[in-house]
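> One structure follows; several queries about it will come next.
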Amino acid sequence: MSFNRDRNAVIQQYAKLAREYDSRWSSYIRATTDATIERIPPLPGAVLDVGCGTGTLILRLLDEFPRSDVIGVDASLEMLELARSRLPTRVKLQQCWAESLPFNDDSFDTVVSCNMFHYIRQPSIALDEMLRVLRPNGTLVITDWCDDFITCKLCDIYLRWFDPSHFRMYGLSQCRALLEAARASQIQLEKYKVTWLWGLMTATARKQSSITF
Ligand SMILES: C[S@@+](CC[C@H](N)C(=O)[O-])C[C@H]1O[C@@H](n2cnc3c(N)ncnc32)[C@H](O)[C@@H]1O
């Protein structure tokens, strides 16, 4: 019941915000997209962007890696409509939740997600899904707010009270624990600031090439 209510809060939030999303946060989106692109491996192959929003990261991916096939998914139809209007038709876009990705196992070389993880109600399930659709040894790249920064911690507290679409932020050690529990390998975490207010972290990890016991 509350899970559905939380999902509706995300849907309603982005139905309302979609039209002004890019202009309202343009410099923030540019900074976070740049930071994410810098941490993507040089030959990303087939890429899935989870929570692609209006498609800014996908546009940058196509620019940097023109040979890559890129697919974007997002929960919000309104955000996807805007992405559709600015992306070439060869980019496939699909509405779905990160917790149940409609792709076969081992479908992508790289799975990325930017500014989305703090909405996820079931982070372990979402990580399992992202790793499931990655090919063995493929790369996962997740950028999101980092609550090791005091400014972010305060925002997290505020948003938990006043924004029903928000779920929670993580610090580096919590993020590492989630990735370890999902059996990701070669986990690397980096935290950094993009403005005086917003502190980010980018996690990169690999899908194990075979399960070891
Ligand atoms: C802050 S926007 C980020 C969009 C884009 N990645 C960017 O950096 O500009 C968050 C996006 O995540 C999507 N989202 C939130 N929870 C989601 C979930 N559980 N599954 C898929 N998409 C989700 C929202 O619909 C929204 O488009």
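> Output the residues belonging to region 68-89 that are of a type in the set (D, E, K, R) and closer than 20 Å to Val133 by Cα.
Listed by number, the residues that qualify are Asp69, Asp74.
> Which one of Asp105, Asp144 is part of a loop (DSSP other than H, G, I, E, B) and in contact with a helix residue (DSSP H, G or I) (Cβ under 9 Å, 6 or more places away or on another chain)?
Result of the check over Asp105, Asp144: Asp105.
> For Ser165, are the conditions met, namely being among the small types (Gly, Ala, Ser), assigned to a loop (DSSP other than H, G, I, E, B) and open to solvent by 40 Å² or more (accessible area, probe 1.4 Å)?
no
> Same structure, new question: Quick check: is even one residue across region 146-160 open to solvent by 30 Å² or more (accessible area, probe 1.4 Å), of a type in the set (Asp, Glu) and closer than 29 Å to Gln208 by Cβ?
Within region 146-160, one or more residues are open to solvent by 30 Å² or more (accessible area, probe 1.4 Å), of a type in the set (Asp, Glu) and closer than 29 Å to Gln208 by Cβ.
> Is there any pair with a first residue in region 158-179 that is within 16 Å of Leu140 (Cβ to Cβ) and a second that is modelled with pLDDT of 95 or more and open to solvent by 50 Å² or more (accessible area, probe 1.4 Å) whose Cβ atoms are under 7 Å apart and which are 6 or more apart or on different chains, and what are they?
What qualifies is Leu172/Asp148; Leu172/Lys191; Leu178/Ser124.
> Which one is surrounded by the fewest Cβ atoms within 10 Å (Cβ to Cβ), of the residues in region 72-89 that are in contact with a helix residue (DSSP H, G or I) (Cβ under 9 Å, 6 or more places away or on another chain) and farther than 17 Å from Arg7 by Cα?
This residue is Pro88.
> Tell me, which helices (runs of 4 or more DSSP H) lie completely within region 1-92 with 1 or more residues that are at pLDDT 95 or above, more than 14 Å from the ligand (Cβ to nearest atom) and of a type in the set (Gly, Ala, Ser)?
Helices (runs of 4 or more DSSP H) meeting the threshold: 77-86.
The values are calculated or read from the model by the stated rules, or taken from the named source; none is laboratory data. All figures in this text were calculated on a predicted structure; none of them were measured in a lab. Don't worry about glycine lacking a Cβ; one is built from the backbone with ideal geometry, like all the others, and counts go over all protein chains shown. In case anyone asks, the SASA skips ligands and DNA or RNA and just uses the protein heavy atoms, side chains included. Shrake-Rupley method; radii C 1.70, N 1.55, O 1.52, S 1.80 Å.
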